[in-house]
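Everything below concerns the one structure shown next.
Every read-out reported here was derived from the displayed coordinates using simple, explicitly stated rules and does not represent laboratory data. Predicted model only: the values in this text are computed from it and were never measured. All Cβ positions, even for glycine, are placed from backbone atoms using ideal geometry, and neighbour counts span all protein chains on display.
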Amino acid sequence: MPVQLPPIHLPNIPLPPQPADPPNLQDVHQAQLFCERVENHVCFRATDILAQQAATNDDAANAHLYFHRVVAAANQGQAGPVDPQHFIQQVIQQLNNINQQFDAVDQRFNVMGQRFDAMNQRFNAMDQKFNAMNQQFNNVNDHLGRVDDCLDRMEVGQIDMTETLYKTYNQGCTDGTECQYKVIPFRLPDGRTELLQTVGLPALRDAQSIVNLTDAELNLYLNRYDIPCVGNLHHETKLRRLTVFLGIPWPLP
């Protein structure tokens, strides 16, 4: 009676050819190869690789039974009947070996999982430290911003004080021939100051330099010092407003 093929249906493992009756050495070899392929796919299942196409323990048992049936039938055709109990015990032993391999793989996965957990804990601790450092940097930046604001206010106050001192000094310089007037710089919108020379205006060091101003230069001075100048004012009126702003007594000596 010919040996029936095993009831195994795996997409990646074709069944061996139908063995002869009795099986020959080629049939025994094909059965052995088939059994090894099934075992390899069971090992894939242990590592979760190609799980949907992997073989089960029952598939491995059926493959081993088929192999030993082919061997038994081949031996029976040559030397009489053979007791299959010995082959069944070998199948059980091999299945036990496979289970041990599964256990070893599971233990490795457990060790890897523990290592990953430890690494995650370390990364979480590092994240917390980085967050704390970022918060400290933010606090420092806020403090530096307040310091910058304070310095800006101090700088503006220093400019105001310097301007007041220059005006007070100019009041006692009469016509500026013996003691020249202090030049008050222009103020820019951002709070910085600008020297007169940068815009091409003459420095007002004495009364004569003020009198010598052209109407265009006088208008630019009034505009730069933000002195009110609305309408078509007389040249002398503009001179008076400029000298009063600079702290110089009017009329000019």
Cβ-based charge dipole, the chain, positive-most Cα from PRO19, GLY172, PRO2: GLY172
By average Cβ neighbour count within 10 Å, what is the ranking of 101-113, 7-19 from highest down? 7-19, 101-113
What FRET efficiency comes out for the pair GLN128/VAL105, r = Cβ-Cβ distance, R0 = 30 Å, nearest 0.05? 0.30
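Where Lys and Arg each count +1 and Asp and Glu each count -1, what net charge lies around ASP27 among other residues with Cβ under 14 Å from its Cβ?
Summing Lys and Arg as +1 and Asp and Glu as -1 gives 0.
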Do the sum for the chain: with -39,500 (n - 2.57) for every DSSP H run of n ≥ 4, divided by all residues, what is the mean residue ellipticity at 222 nm, to the nearest 500 deg cm²/dmol? -22500 deg cm²/dmol
Could you give the length gained by full extension between ASP21 and THR162, i.e. 0.36 nm per residue of separation minus their alpha carbon distance, to one decimal place? 38.8 nm
With +1 at each Lys and Arg Cβ and -1 at each Asp and Glu Cβ, the charge dipole magnitude of the chain around its Cα centre, to the nearest 20 debye, comes out at 500 debye
Plugging the Cβ-Cβ distance of GLN136 and ASN97 into 1/(1 + (r/R0)^6) at R0 = 51 Å yields, to the nearest 0.05, a FRET efficiency of 0.30
Excluding residues fewer than 8 positions from LYS182 in its own chain, the lysines with Cα under 28 Å of it are LYS167, LYS238
Once Lys and Arg get +1 and Asp and Glu get -1 on their Cβ, which of TRP250, ALA55, GLY113 lies farthest toward the positive end of the dipole of the chain? TRP250
What distance in nm separates the two pseudo spin-label positions at ASP175 and THR193, each 7 Å out from Cα along the beta-carbon direction? 2.8 nm
Taking Cα Rg over 2.2 N^0.38 Å straight from the coordinates, which label in [x] 2.87; [y] 1.12; [z] 1.26 is the correct one? [x]
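If you stretched the chain out fully between ARG205 and GLU36, how much longer would it get, using 0.36 nm times the residue separation minus the C-alpha to C-alpha distance?
50.0 nm
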